Amino acid sequence: IAPGETVALSLAANVRSPIADKRELPVLSILGWAKGKREFARTLTTRSAPRFPLNFNKIERVAPYRVAPADALAYHMTLHNMGTDTAAQVTLQLLVDSGIERLRLRERDNEISLDSEGAVDLGTIEPGVSRAFRIDGQVAAVVEDQTQLRVRAALTTAQTARVELGSALHIVDSAPKFSVVTSRILVDNAEPVEHRGVIRARLIVVNEGTDRGNAVRVALLISDDL
């Protein structure tokens, strides 16, 4: 290399993935010539984070779209860290409408306890690792007809903001029910009735269904002798 001459060199390299965030990567080069040498050094700092894209992380309905009161509910959910760093302090939260009861969360054969707000600490999820869950619940015994019931899921980690994982929707088919077994007329006195005597009876109306009966009317019909 003559005096004043310039030679440009370039070095291309890829950062290994996965890798921890803010890790220092030293880059060292040594220039040597016939009578000496010189070192050049620089330090690079990585930017790495976990990532949970919605097309791979979501809650999916297993139970039918239309359900009836007291029906069993089931869902599948997958958490897949597609980022380049380990997700720490992973917290999953399940939010359900008031018409859904007995919510349970399982990973394989292990049941995971949910706190009072429907949240659970899942620890860490390594890059490229998936965790599959099953969610079970039950529709309440009494629900108004055409009620919409949703189960929503959200994920938070120490490195990322809250990730909404979507929701699963059900529509409830519910109706009132009246039968001659429980709805009936009871006569208070079974003794023979005297002339112009008063017959006292009670009408008992029981709704055996799963929804309220609106605009309920009762027609009392008597014979010509009464």
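Restricting attention to the stretch 14-32, the residues that are in contact (Cβ under 8 Å) with a residue 12 or more places away in the chain and either open to solvent by 100 Å² or more (accessible area, probe 1.4 Å) or more than 41 Å from the chain's Cα centre (by Cα) (or both) add up to 7. It is to be established whether one or more residues within the stretch 55-69 are polar (S, T, N, Q) and surrounded by fewer than 12 Cβ atoms within 10 Å (Cβ to Cβ). So far as the stretch 55-69 goes, yes, one or more of its residues are polar (S, T, N, Q) and surrounded by fewer than 12 Cβ atoms within 10 Å (Cβ to Cβ).
Of the residues 38, 104, 108, 42, the single one that is among the charged types (D, E, K, R), under 30 Å from residue 169 (Cα atoms) and either touching a residue at least 60 places away in the same chain (Cβ under 8 Å) or touching a strand residue (DSSP E or B) at 6+ places or on another chain (Cβ under 7 Å) (or both) is 104.
Conditions tested, residue by residue: (1) within 18 Å of residue 73 (Cβ to Cβ); (2) open to solvent by 70 Å² or more (accessible area, probe 1.4 Å); (3) among the β-branched types (Val, Ile, Thr); (4) touching a Leu at 6+ places or on another chain (Cβ under 9 Å).
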residue	(1), (2), (3), (4)
86	no, no, yes, no
92	yes, no, no, yes
101	yes, yes, no, no
109	no, yes, no, no
114	yes, no, no, yes
118	yes, no, no, yes
123	no, no, no, no
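Across the stretch 185-226, the qualifying residues are those that are among the acidic types (Asp, Glu) and in contact (Cβ under 8 Å) with a residue 24 or more places away in the chain, and the one among them that is surrounded by the most Cβ atoms within 10 Å (Cβ to Cβ) is 211. Does residue 166 satisfy the condition of being open to solvent by less than 30 Å² (accessible area, probe 1.4 Å) and either touching a Lys or Arg at 6+ places or on another chain (Cβ under 8 Å) or at pLDDT 95 or above (or both)? Considered against the rule, which asks whether it is open to solvent by less than 30 Å² (accessible area, probe 1.4 Å) and either touching a Lys or Arg at 6+ places or on another chain (Cβ under 8 Å) or at pLDDT 95 or above (or both), residue 166 comes out as no. When the stretch 68-113 is filtered for residues that are in contact with a Ser or Thr (Cβ under 9 Å, 6 or more places away or on another chain), over 30 Å from residue 21 (Cα atoms) and either of a type in the set (Ser, Thr, Tyr) or part of a strand (DSSP E or B) (or both), the ones remaining, listed by number, are 95, 105.
Contact map, the stretch 120-146: residues that are closer than 13 Å to residue 80 by Cβ paired with residues that are open to solvent by 60 Å² or more (accessible area, probe 1.4 Å) and part of a strand (DSSP E or B), Cβ distance under 8 Å, separation 6+ or inter-chain. Pairs shown: 132/76; 133/76; 133/106. Across the stretch 187-206, the qualifying residues are those that are within 30 Å of residue 176 (Cβ to Cβ) and among the aliphatic types (A, V, I, L, M), and the one among them that is nearest to the chain's Cα centre (by Cα) is 206. Answer yes or no: is there a residue in the stretch 184-195 that is hydrophobic (A, V, I, L, M, F, W, C) and under 25 Å from residue 99 (Cβ atoms). Among the residues of the stretch 184-195, not one is hydrophobic (A, V, I, L, M, F, W, C) and under 25 Å from residue 99 (Cβ atoms), which makes the answer no. Counting only strands (runs of 3 or more DSSP E) that sit completely within the stretch 1-67, those holding 2 or more residues that are touching a Gly at 6+ places or on another chain (Cβ under 9 Å) correspond to 58-61. Restricting attention to the stretch 129-149, the residues being closer than 19 Å to residue 109 by Cα and assigned to a loop (DSSP other than H, G, I, E, B) number 1.
Among the candidates 174, 179, the residue that is outside any strand (DSSP E or B), at pLDDT 95 or above and open to solvent by less than 40 Å² (accessible area, probe 1.4 Å) is uniquely 174.
The values are calculated or read from the model by the stated rules, or taken from the named source; none is laboratory data. Everything numeric in this text was worked out from a predicted model, so none of it was measured. Using ideal geometry, Cβ is built from the backbone for each residue, glycine included, and neighbour counts are taken over all protein chains shown. Note: accessible area is taken over every heavy atom of the protein model, side chains too, but ligands, DNA and RNA are not part of it. Shrake-Rupley method; radii C 1.70, N 1.55, O 1.52, S 1.80 Å.
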